[in-house]
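> For reference, the structure I am asking about is given below.
What follows is calculated from the coordinates using simple rules that are stated; it is not laboratory data. All of these numbers come straight from a predicted model, not from anything done at the bench. With ideal geometry, Cβ positions are generated from the backbone for all residues, glycine too; neighbour counts draw on all protein chains shown.
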Amino acid sequence: MALYALHLLVNAAWSFLFFGLKRLDWAMAEVICLWIMILSVIIAFARISVPAALLLTPYLAWVTVAAALNFRLLQLNGPRGEGLA
């Protein structure tokens with residue numbers, strides 16, 4: 001459960017970096033860490049309950065999409081989101 005709690009903190013940090021600070025570069029690095037954390041949680045949960053681990057796979061897929069969007073926005077707007085209002 002400590003790993004899951006840590007993953008929740010990492011998840012919250014992405015929103016702060018992306019929306020709050022508008023630091024697309026930091027958010028990109030953080031979303032990669034988040035993706036790794038989710039995969040770690042899935043692996044840890046699979047040892048206890050395979051269905052619980054499988055229920056996290058759509059979340060991993062969504063974070064993959066969010067990372068791709070973050071990356072594209074970073075390409076278009078630069079590291080500090082200069083093109084964002």
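> Just a yes or no: is a residue in the stretch 51-65 assigned to a helix (DSSP H, G or I), more than 30 Å from MET1 (Cβ to Cβ) and touching a residue at least 12 places away in the same chain (Cβ under 8 Å)?
Looking through the stretch 51-65, none of the residues is assigned to a helix (DSSP H, G or I), more than 30 Å from MET1 (Cβ to Cβ) and touching a residue at least 12 places away in the same chain (Cβ under 8 Å).
> Hey, another quick one. Just a yes or no: is a residue in the stretch 20-31 small (Gly, Ala, Ser), in a helix (DSSP H, G or I), in contact (Cβ under 8 Å) with a residue 24 or more places away in the chain and more than 15 Å from TRP62 (Cβ to Cβ)?
yes
> Of everything in the stretch 9-47 that's more than 27 Å from GLY78 (Cα to Cα) and either out of contact with any His (no Cβ under 8 Å at 6 or more places or on another chain) or of a type in the set (Val, Ile, Thr) (or both), which residue is surrounded by the most Cβ atoms within 10 Å (Cβ to Cβ)?
VAL41
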